[in-house]
1. Among the listed residues A:ILE274, A:ILE263, which satisfies the condition of being assigned to a helix (DSSP H, G or I) and touching a strand residue (DSSP E or B) at 6+ places or on another chain (Cβ under 9 Å)?
2. If I ask for residues that are within 9 Å of chain B (Cβ to nearest Cβ) and either among the β-branched types (Val, Ile, Thr) or within 16 Å of A:TYR220 (Cα to Cα) (or both), which ones from the range A:147-163 would you list?
3. Given the options B:GLY51, B:GLY66, B:GLY46, B:GLY27, name the one that is out of contact with any Phe, Trp or Tyr (no Cβ under 9 Å at 6 or more places or on another chain) and within 14 Å of another protein chain (Cβ to nearest Cβ).
4. When the residues of the range B:26-61 are filtered to those that are farther than 21 Å from B:ASP83 by Cβ and among the small types (Gly, Ala, Ser), which remaining residue is modelled with the lowest pLDDT?
5. I'd like to know if the range A:52-60 contains one or more residues that are at pLDDT below 95 and either closer than 29 Å to B:GLU171 by Cβ or among the small types (Gly, Ala, Ser) (or both).
6. Report, by residue number, each residue of the range B:49-102 that is among the hydrophobic types (A, V, I, L, M, F, W, C), part of a loop (DSSP other than H, G, I, E, B) and either surrounded by fewer than 20 Cβ atoms within 10 Å (Cβ to Cβ) or out of contact with any Gly (no Cβ under 8 Å at 6 or more places or on another chain) (or both).
7. Could you please find all residues in the range B:173-199 being under 12 Å from B:MET136 (Cα atoms) and at pLDDT 95 or above?
8. Of the residues B:ALA201, B:ALA248, B:ALA256, only one is crowded, with 18+ Cβ neighbours inside 10 Å, under 16 Å from B:VAL80 (Cβ atoms) and over 18 Å from the mean Cα position of the chain (by Cα); which?
Amino acid sequence: MAEDTSSKEYWRWTESNWHDPDIDWKAGDIISAGVDVGSVSSQAVIMVDGKLFAYSNMRTGSDSPKSAQDAMDWALEGTELTQDNIEYVVGTGYGRVNVPFSKRAITEIACHGRGANYMYGPTIKTVLDMGGQDCKAIRVDEKGKVVSFLMNDKCAAGTGRGMEVFADLLGVHITKAGEMSLQVEEEPPMVSSTCVVFAKSEASALLREGWPKEKVLAAYCLAMAHRVVGLLERLGIEEDFAITGGIAKNIGIVSRIEKELGIKALKPSIDTQIAGALGGALFANALAKKERKKGK
Amino acid sequence: MVTAGIDVGAKNVKIIIQDNGKVLGKGQVTAGFDTASDIKEALDAGLAEAGVTREQVETIYATGAGRKEVKDADDSYTEVGADAAGAIYLFPSARTVIDVGAEEGRAIKVDEKGKVVDFAINERCAAGAGAFTEAMARALELPLTELGPLSLTSTRAVPMNAQCAVFAESEVVSLIHQKTPKRDIARAVHDAMASRITSMARRVGVEPEVCLIGGVAKNPGFIDSLKRDLEMEILIPEDPEFVSALGAALLAAGIAN
């Protein structure tokens, strides 16, 4: 997908959809789906017998039910599959009660744990989900079942929104901000304000002092990393460790989290933003099986 | 004895020149890049209004987040000390002083002698400071001065879920999309902020009477919400944003302690 970096919408990240041409859904038994309507982004994941078949990842609009439908439609695009073929849909995320075509709503914590287990395998123990408007630290067992979690959804510090504010302030496209923040000779002191509103004023003052954008970004990435490491440390961290959500794509933050923790995060092989919807689709698969059993 | 109090806040530099407890003049300058020149400008404005020369001012005390920047100061006081001194001088019956500035909120408990017993400060989160209403006025595309009067015309309490100023901005935008009248959103903004301030004040214990100072005390919408939340009347001085500077000036004269 071509990216228009001349655009003034610095917060705008790349939307995408995908399906696996090697999977013949007609030969499958159970087709399930998970739809994650988040505060910033929405995803739909379609699975055939518990295997990832298709997904979409797009911005959430002002209308949650419509966002859920849009995500589903875009995931179905080009698959020849229709929504009627899907046996069970689970809704999750902040707008999970607003997925009209879902049979059940499951919390995003449970879905992220389960999704991360699929993405990274049974060795995954600690998941940090960095979303648009919240941040969750989750401990899971070898089956992806949630053991404990901590969440910040009250404050923009340490969430994608904080990064959006900085991308706008600096006029740097959000998908480039992470890499750009690494282009410093040495790490500057981190932005000292926790609050995004105050951090923004602090950054403006640094720019006036003549700091280059790279250095300001580095200072903010350090602050964001420090903020979420605090959450992880309160929860207790055990390897293997992985980061999901949109911020997992920001190398400037990921590398600084790794450095502060002294632990490497597992490298993702699947789009990190779909973890919640993926977990939802896995739950949907299990629930469909259960329903069939009951029906017999 | 003519003294001056200079309050170097996050957003404004304020100065009071007083003589024996009587305010002779005041000056206020929006803080920019060069704090030293802002301080000088505010001082000059205060001196001009008071009709005294710099030499006639015997003692200068500084307060506020940037109090160390006042090179001319003979001494400096914490914001809490200056707040209490100024507020109790104006309202001797006050036992709780709430100061809501541009980037900070404070609740101070004082005894009958005006001595500070306990205090709580929020300086880490914009949701409990003037920066919150500023951001919301921006989201509503209204001048800040209109936000308060507009919220007084509201007839309906709309709940606001977000506590964070950044998230509240998005919530305000979606309320606008849902065609919620701006007056009701304005009230929701003040209710949300009042609830933050109230919970901070409850940490020290709210004892009547309550005196509200700081720039946000000029916002009638916030005052209304705070009264409702605290379930009591609130004392508000004429120039609430100058109370800290007044306190510093009085301390410099030895009138307050």
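The values are calculated or read from the model by the stated rules, or taken from the named source; none is laboratory data. All values derive from a computational prediction rather than experimental measurement. Here the Cβ is made from the backbone with ideal geometry for all residues, glycine too, and neighbour counts use every protein chain on show.
1. A:ILE274
2. Within the range A:147-163, A:CYS155, A:ALA156, A:ALA157, A:THR159, A:ARG161, A:GLY162 qualify.
3. Sole residue among the options that is out of contact with any Phe, Trp or Tyr (no Cβ under 9 Å at 6 or more places or on another chain) and within 14 Å of another protein chain (Cβ to nearest Cβ): B:GLY66.
4. B:GLY32
5. The first filter runs over the range A:52-60 and keeps only residues at pLDDT below 95, leaving A:59-60.
From what is left, the residues that are either closer than 29 Å to B:GLU171 by Cβ or among the small types (Gly, Ala, Ser) (or both) are A:59-60.
Checked the range A:52-60: at least one residue is at pLDDT below 95 and either closer than 29 Å to B:GLU171 by Cβ or among the small types (Gly, Ala, Ser) (or both).
6. Scanning the range B:49-102 gives B:VAL52, B:VAL57, B:ALA65, B:VAL70, B:ALA73, B:PHE91, B:ALA94.
7. Of everything in the range B:173-199, those that are under 12 Å from B:MET136 (Cα atoms) and at pLDDT 95 or above turn out to be B:LYS182, B:ILE185, B:ALA186, B:ARG187, B:ALA188, B:VAL189, B:HIS190, B:ALA192, B:MET193.
8. Being crowded, with 18+ Cβ neighbours inside 10 Å, under 16 Å from B:VAL80 (Cβ atoms) and over 18 Å from the mean Cα position of the chain (by Cα) holds for just one of B:ALA201, B:ALA248, B:ALA256, which is B:ALA256.
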